[in-house]
Amino acid sequence: MQPVDYIVCGDYILTMNEKMDLIRDGAIAVKDAKIVDIDIAENILKKYSSEKIIEGKGRMVLPGFINTHTHAAMVYFRGLADDLPLKDWLEKHIWPAENHWLGPEFISDAIELACLEMLKAGVTTYNDMYFFGDSAASATKNAGMRAVLGVGILDFPTASAKTTDEYFTNAERFVNNWKGDELITPCIAPHAAYTCSPDTLKRAKTMAEKFGVPLHIHLSETEWEIGEITSRYGKRPVEHLEDIGFLSERVLAAHCVWLDDNEIEILAKRNVGVSHCIESNLKLASGIARVPEMLKAGVKVTFGTDGAASNNDLNILSEMSTAARVHKAAAKDPTVLDSKTALLMATRWGAEVLGLGDSIGSIENGKSADIITVNLKKPHLIPMYDVYSHLVYAAMASDVETVMVDGKIVVNDGRLTTGNEEDILHKALEWGKKIAAYNSQR
């Protein structure tokens, strides 16, 4: 028998591979952070031995969820300014709070809380756009989580940089510090077409191509943005980015709520990935993205939570459930965005749009072992006739039991193994007191 590090068992293994293979009474052999075999449990247990066998009775096993758009450190601003339009929310509340509070210590502590929340909800990879990237990367790596971390770039000063040149200097330094890391993928993240000039966007693309890293941008989030970009450049946002040569398969565009047919065709032609952040879009009344039309056109759509300040959580299970329901109602068609498609958006497609499809997103031989187990022995999950629909329409974040990232157990029986949950929560409460006190005096 061949020794391996772990054997992960389950009543159901949802591989999310190209064939969408579903293995009943299956098991996964993991060695040196990689998946080395998947089969029925009987065969795996005859072929491999391990001192660490993860119980599978009453469990579902699948790839970790991928959150393709968030601002993770904004978890410390959760609930700070709710029930406001996006422009007022940003300009009158969030940007002032960021200018006052953001710094390496704030980012590091806030990322600890964000990683704790995401890992316990089965999210093993997140794609971020924010500031003080080295602090975010170190905290994420300490938590044992995988991330694509985008260094935010704008044409106006923030707590992290005073000039556009300084943003690019910070971005290049961050890429050089972290490129090649097993858990952290650096990314270039120009904020949006309305906060970055055409020259800044072109420069961001050139830098991303030079280093071979992803590009991450907000795009067509609100009606206001459509009017603003059209007024400035005589074109809608997607058309504007196409005109300046920004769009490619390297780009992950967040939101994409207000697209017309031509813009959807452009995104499909350029193989641009889209992060659908339905709960944030609903809460900020930004609108409902044309996801069925994008999918039909061949655009790869995935799920993001946006920051916890506008969602107000970092739960991809919730995004799947909300999206699958809302698009059915909006289309007046119950077959729109079925459960298998929703789960693909949360796993394999998420990996692919981030350029990580060769290593994560599905359970396949040779891929990194980013695996979660879901406890099915819950009242709301019994009886079960279809594992995919159960996961999308009935499962909760609290049902996630075991989380493995890069072959290491980071959540065991629902508890974080890479840090002290009580300490993380205590720090968050102390920051919350300071932020609340400051906010009351503004």
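The values are calculated or read from the model by the stated rules, or taken from the named source; none is laboratory data. Everything numeric in this text was worked out from a predicted model, so none of it was measured. Cβ sites come from the backbone with ideal geometry, for glycine too, and all protein chains shown count toward neighbours.
For region 110-120, state whether one or more residues are closer than 19 Å to VAL213 by Cα and either in contact with a strand residue (DSSP E or B) (Cβ under 6 Å, 6 or more places away or on another chain) or among the aromatic types (Phe, Trp, Tyr) (or both). No: region 110-120 contains no residue that is closer than 19 Å to VAL213 by Cα and either in contact with a strand residue (DSSP E or B) (Cβ under 6 Å, 6 or more places away or on another chain) or among the aromatic types (Phe, Trp, Tyr) (or both). Considering only residues of region 194-217 that are in a loop (DSSP other than H, G, I, E, B) and out of contact with any Pro (no Cβ under 9 Å at 6 or more places or on another chain), which is nearest to THR70 (Cα to Cα)? Selected residue: THR195. Restricting attention to region 187-203, the residues being of a type in the set (A, V, I, L, M) and touching a residue at least 40 places away in the same chain (Cβ under 8 Å) number 3.
Consider region 96-117 and keep the residues that are in contact with a Ser or Thr (Cβ under 8 Å, 6 or more places away or on another chain) and either without any contact (Cβ under 8 Å) to a residue 40 or more places away in the chain or within 26 Å of ALA369 (Cα to Cα) (or both). The one that is surrounded by the most Cβ atoms within 10 Å (Cβ to Cβ) is ALA114.
Checking each residue in region 359-372 for being out of contact with any helix residue (DSSP H, G or I) (no Cβ under 6 Å at 6 or more places or on another chain), polar (S, T, N, Q) and crowded, with 21+ Cβ neighbours inside 10 Å picks out only SER368.
Test ILE7 against the stated conditions and say whether it is touching an Asp or Glu at 6+ places or on another chain (Cβ under 9 Å) and either at pLDDT 95 or above or not charged (D, E, K, R) (or both). Here the answer is no, as ILE7 does not meet what is asked. Within region 326-358, being in a helix (DSSP H, G or I), surrounded by fewer than 24 Cβ atoms within 10 Å (Cβ to Cβ) and of a type in the set (Lys, Arg) holds for LYS328, LYS340. Candidates in region 70-104 are the residues that are acidic (Asp, Glu) and assigned to a helix (DSSP H, G or I); of these, the one that is farthest from VAL151 (Cα to Cα) is ASP88. Taking region 326-345 as the range and being hydrophobic (A, V, I, L, M, F, W, C) and in contact (Cβ under 8 Å) with a residue 24 or more places away in the chain as the test, the residues that pass are VAL326, ALA330, ALA331, VAL336, LEU337, ALA342, LEU343, LEU344, MET345. Under the condition of being part of a loop (DSSP other than H, G, I, E, B) and free of Cβ contacts under 8 Å to residues at least 40 places away in the same chain, the residues counted in region 152-172 number 5.
Taken over region 373-397, the residue count meeting the criterion of being assigned to a helix (DSSP H, G or I), surrounded by fewer than 18 Cβ atoms within 10 Å (Cβ to Cβ) and touching a residue at least 40 places away in the same chain (Cβ under 8 Å) is 2.
Considering only region 169-217, state which residues are over 28 Å from ASP406 (Cα atoms) and of a type in the set (Phe, Trp, Tyr). Correct list: TYR194 only. Of all residues in region 218-250, exactly one satisfies the criterion of being buried (at least 24 other Cβ atoms within 10 Å of the Cβ) and β-branched (Val, Ile, Thr), namely VAL238.
Only a single criterion out of (1) in contact with a Pro (Cβ under 9 Å, 6 or more places away or on another chain); (2) over 25 Å from THR140 (Cβ atoms); (3) not assigned by TED's automatic domain parsing to the domain that holds VAL8 is not satisfied by ASN99, namely (2).
Every residue, every condition in (1) crowded, with 20+ Cβ neighbours inside 10 Å; (2) on the phi > 0 side of the Ramachandran plot; (3) free of Cβ contacts under 8 Å to residues at least 60 places away in the same chain; (4) in contact with a Phe, Trp or Tyr (Cβ under 6 Å, 6 or more places away or on another chain), yes or no:
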site: GLY144; (1), (2), (3), (4): yes, yes, no, no
site: GLY150; (1), (2), (3), (4): yes, no, no, no
site: PHE174; (1), (2), (3), (4): yes, no, yes, no
site: THR185; (1), (2), (3), (4): yes, no, no, no
site: LYS205; (1), (2), (3), (4): yes, no, yes, yes
site: HIS216; (1), (2), (3), (4): yes, no, no, no
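Would you call PHE77 buried (at least 17 other Cβ atoms within 10 Å of the Cβ), farther than 30 Å from GLY26 by Cβ, within 21 Å of the chain's Cα centre (by Cα) and at pLDDT 95 or above? In short, yes.
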